[in-house]
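Since the structure comes first, as structure tokens, the remarks are kept for the end.
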Amino acid sequence: MQLFNRGKRAEPLRQQPEPRPELPIDPAQGDPRGERLRAELAAGNWPAASQLLGSVSDPDDRHFYIALCSDWPGQPEWIDQWVEGDPGGATPLLVRGAHAIYWAWEARGSARAEHTQQEAFEVFWQRLQFAEASLREAAAQAPADPTPWAYLVTSCRGLQLGLEELRHRFQQAVGRYPWHRAAHLQMLQGLSHKWGGSHLLMFNFAREISAQAPPGSSLPVLIAAAHIEHWLALDGDEQAHYFERPEIAAEIRAAADRSVRHPAFRLQPGWPHACNSFAFCFALGDDFTAARQQFEVIGDLVTNDPWQHLAGDDPAGAFLAHRQRTYQHTG
Amino acid sequence: MPRQELHATRRSLRSRAVVALGMLVGFYVLAFGIVVAIAAVVVWGLRSGHLRVQHVGLVLAAIAILRGVLFLDRDRDHLPPVRIQLRPEQEPTLWAEVGSVAAAVRAPRPQVVYLVHDVNAFVYQESRLLGLRPGRMVLGIGVGLLTVLRVDELRAVLAHEFGHLSSGDTRLGPVVYRAQESIQRTIVHLKDNLLGKLFAGYLRLFMRLTMDISRRQELAADINAVRLGGQAAATQALQAVAVTGGAFDLLLRQYVAPLWESGHWPVDLYGGLRSLYAEPARAVELGALRAALLAAPTDRWDSHPALGERLRFIASLPPGPIRLDPRPARTLLADPDVSERRMAEQLSALATNGQARTPVSWDEAAQQVYRPVLQQRATAMASAGIAVGGDWRRGGLEQVLELLEADRGEALARRLLPTLEQAPAEERARLTSQVLRHYLRAAVATELAGRPGGRWVASWAELAGVGGVHGAGRQLEELVDAALAGPQGVAALRRELGLEWASI
């Protein structure tokens, strides 16, 4: 699940980065079907993409592949072609809606000189409204599909429709599939302080879900995600030593034990994101043994999130720096 | 006694007026003198061959001065932009009243009477030939005024205005006004150089003097108001006008502006003003406004003395006659409803450049325009309740009520009004209460409006109210107030909303 790269300014790394080889970030996170999907769409071959998506039944997988179709800069032609070529099909509507959300956030994050703050916000708003229309159509065409509702949780946050509406949409998503990974991650964002919620709310949610999730589920990553959000809101020394605090480190370790370190944890499409999140927390908390364990599992499958919080323009660089540091400390 | 007062005031006015005229002449002498001096310098420069670059600057300054002084605008009419002319044959009752007051004060009868939109009345004399020839006398009466005053109070106001006429204030007025404008334009054209500063200083002095004159004229006119209308009527009229002015501003800001912004206009704008003025829930707000106006001192740049000063002056005069006439002043109009509607339409057209085309009643305004505003507030309140309460599963209003019960209202208020943090300690309690009331009211109203039979209706206590369901109207205000006062109130509100919850 890709959380959106908001191009954060670089936070200082904890050690001087040494010259290192480039590490490309694979949006498909190592999933072969995902890579094929991206390749087909890069060539404009939406029918192949459609077929591939048609063969996916797991809701988390489906969301992952839809995200691969929609996280595309600008306005690729094949989106409208797909909608026209498959009239009434839920999937192209879903892709169009999901893409419009990504496209909206492009407008909001753009620091381009030709757009003022005000203009950027208006464009952001309009694109989100467009996204909602597409997503609702998709939901109408596929009433049992939780994916449109998971995306509607995201757009609800962007349009600032309030926490009750957020809950309503989240409940629509999980009502269709209780452990929907993306819906939960987006809900957590919506409950965060910076999006109009509060730390208390966010942590209550993360802890409740984490405790209830089946063993080996990736959902305890919500604990790591909540702590990362909290860490982002701090500054100075408090931020620098946040993950070292014993009670926080313990909570994150416990969450890892229930998810990525659990024997029942499955390497589903998009699995590296959870490991990257835990690796981030362990590395920043100087828990090198735990961090190393994650880095070994991850290999080179770095994800944008959460490393973009350390270096918005070079998340891979931040990842490499911390991996190197971890390996140094663990001999 | 009053006659002596009047004469003493008139004498001091006259001597000041003479000084003002002197300064006016002095300005023209100064201006032309400088222009002539500059011309001389330039001519000498040309003759002797010592023409320099600085001379160009001087020439430009001279041109600037001439532009300012000789601004040959036609004698513009300073007509109010929103007006309805009232002709004697169409409005005989009002004209008769105007005529009788003018006669009683021994002032010339105005030749033109306009109805204007605001809470004010004025007279002026149209100026011809740079103000030296008197033109027609014009009287303007604000609909906002007519809508709130009684006839006896209106008479006091008219007597005040005609007092200006009978003492010849309006003759001096246009001349002084033109002079001020002249000097101001000269300064603008000269901008920041030394000459500009010189004229600016001159202007300040001139303004001080003319404002002083103006204030004395106002007090003299107040004498007339008391002599004709009586002390009580004059006092009440002044206060009513001052406070209604504030109420009118509030009406335009809170109720009318959102309508204008969405292309609507209120057909019963002035009915709204009357209702707002009389609304018990607004009494505290308007009372505070009155107190502030009474306490404000007169500033030397004011053209009118402060309300407090005027009321004290009136109280020092002999009481005058008592001629009660409690009829609402608007009944002097042949058809007050029609006149008010026309005025509302004109004002709306002017304020929105013709964009406000859809007339609405106050109830329709509540349903179409204010409802989304209040719903937004309700959403914000619910979100605050969830964020502070921390339970993502339960409703926002439920958590708000719980927090109020646990005396955690301030945490809610800080969410809704982030600047509360920076407010001084004495202010914080009041602001907290205000913010909570503002949002809780909207939340409860939205909740009630969503019930069977519930509908949005006009309200003067707040932006909109709810009707058709139990707990709405006056009861809503009381429920909200009680909930903010303590846990028993919260319990009562809970019962009303059906949100009974065993608090832990």
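The values are calculated or read from the model by the stated rules, or taken from the named source; none is laboratory data. None of the values given here were measured: they were computed from a predicted structure. Every residue, glycine among them, receives a Cβ derived from its backbone with ideal geometry; neighbour counts consider all protein chains shown.
Here is a yes/no grid of residues against (1) within 30 Å of residue B:384 (Cα to Cα); (2) without any contact (Cβ under 8 Å) to a residue 40 or more places away in the chain:
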position	(1), (2)
A:191	yes, yes
A:211	yes, yes
A:221	yes, no
A:231	yes, no
A:268	no, no
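Yes/no per residue for (1) surrounded by 22 or more Cβ atoms within 10 Å (Cβ to Cβ); (2) among the aliphatic types (A, V, I, L, M):
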{"position": "A:186", "(1), (2)": "yes, no"}
{"position": "A:201", "(1), (2)": "yes, yes"}
{"position": "A:206", "(1), (2)": "yes, yes"}
{"position": "A:211", "(1), (2)": "no, yes"}
{"position": "A:215", "(1), (2)": "no, no"}
{"position": "A:220", "(1), (2)": "yes, no"}
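Touching a Ser or Thr at 6+ places or on another chain (Cβ under 8 Å) and outside any loop (DSSP other than H, G, I, E, B), is that true of residue A:67? Answer is no for this residue.
Taking residue B:326 as the residue in question, decide whether it is in a loop (DSSP other than H, G, I, E, B), more than 14 Å from every other protein chain (Cβ to nearest Cβ) and not aliphatic (A, V, I, L, M). Taking the combined requirement at face value, the residue satisfies it.
The listed residues are A:240, A:279, and the only one of them that is farther than 21 Å from residue A:211 by Cα and either under 21 Å from the mean Cα position of the chain (by Cα) or hydrophobic (A, V, I, L, M, F, W, C) (or both) turns out to be A:240.
Per-residue answers, yes or no, for (1) in a helix (DSSP H, G or I); (2) surrounded by fewer than 17 Cβ atoms within 10 Å (Cβ to Cβ); (3) modelled with pLDDT of 90 or more:
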position	(1), (2), (3)
B:77	no, yes, no
B:101	yes, no, yes
B:106	no, yes, no
B:109	no, yes, no
B:119	no, no, yes
B:131	no, no, no
B:136	no, yes, no
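So that you can scan it fast, the table gives a plain yes or no per residue for (1) under 19 Å from residue A:156 (Cα atoms); (2) under 30 Å from the mean Cα position of the chain (by Cα); (3) outside the structural domain of residue B:462 (by TED's automatic domain parsing):
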site	(1), (2), (3)
B:372	yes, yes, no
B:391	yes, no, no
B:403	no, no, no
B:412	no, no, no
B:432	no, yes, no
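Selection of region A:34-62 for residues being touching a residue at least 40 places away in the same chain (Cβ under 8 Å) and polar (S, T, N, Q) yields only A:50. What pairs come up if the first residue lies in region B:470-491 and is free of Cβ contacts under 8 Å to residues at least 60 places away in the same chain and outside any helix (DSSP H, G or I), the second is crowded, with 16+ Cβ neighbours inside 10 Å and charged (D, E, K, R), and their beta carbons are under 6 Å apart, counting only those six or more places apart or on different chains? Close Cβ pairs (under 6 Å, with a partner that is crowded, with 16+ Cβ neighbours inside 10 Å and charged (D, E, K, R)) amount to B:471/B:496. Does region B:349-367 contain any residue that is under 30 Å from residue B:104 (Cβ atoms) and assigned by TED's automatic domain parsing to the domain that holds residue B:292? Taking every residue of region B:349-367 in turn, none turns out to be under 30 Å from residue B:104 (Cβ atoms) and assigned by TED's automatic domain parsing to the domain that holds residue B:292. With a requirement of 3 or more residues that are more than 23 Å from residue B:486 (Cβ to Cβ), the helices (runs of 4 or more DSSP H) lying completely within region B:331-445 that satisfy it span B:336-351, B:362-365, B:371-389. Restricting A:261, A:253, A:266 to those that are part of a loop (DSSP other than H, G, I, E, B) and at pLDDT 95 or above reduces the list to A:261. Whether a residue is at pLDDT 85 or above and surrounded by fewer than 19 Cβ atoms within 10 Å (Cβ to Cβ) was assessed, and residue B:218 does not pass this test.
For region A:233-244, the count of residues that are away from every other protein chain (no Cβ under 14 Å), in contact (Cβ under 8 Å) with a residue 60 or more places away in the chain, buried (at least 21 other Cβ atoms within 10 Å of the Cβ) and assigned to a helix (DSSP H, G or I) is zero. The set of residues from region B:191-232 being under 23 Å from the mean Cα position of the chain (by Cα) and charged (D, E, K, R) comprises B:212, B:215, B:216, B:218, B:222.
Checking each residue in region B:151-208 for being closer than 30 Å to residue B:240 by Cβ, among the acidic types (Asp, Glu) and either surrounded by fewer than 21 Cβ atoms within 10 Å (Cβ to Cβ) or modelled with pLDDT of 70 or more (or both) picks out B:152, B:153, B:161. Against the test of being of a type in the set (A, V, I, L, M, F, W, C), surrounded by 16 or more Cβ atoms within 10 Å (Cβ to Cβ) and within 14 Å of chain B (Cβ to nearest Cβ), the options A:249, A:226 yield a single qualifying residue, A:226.
For residue B:431, the test of being under 19 Å from residue B:462 (Cβ atoms), more than 14 Å from every other protein chain (Cβ to nearest Cβ) and modelled with pLDDT of 95 or more is failed. With the requirement that a residue be in contact (Cβ under 8 Å) with a residue 12 or more places away in the chain and more than 7 Å from every other protein chain (Cβ to nearest Cβ), what does region B:381-394 give you? Passing the criteria: B:381, B:384, B:385, B:389.
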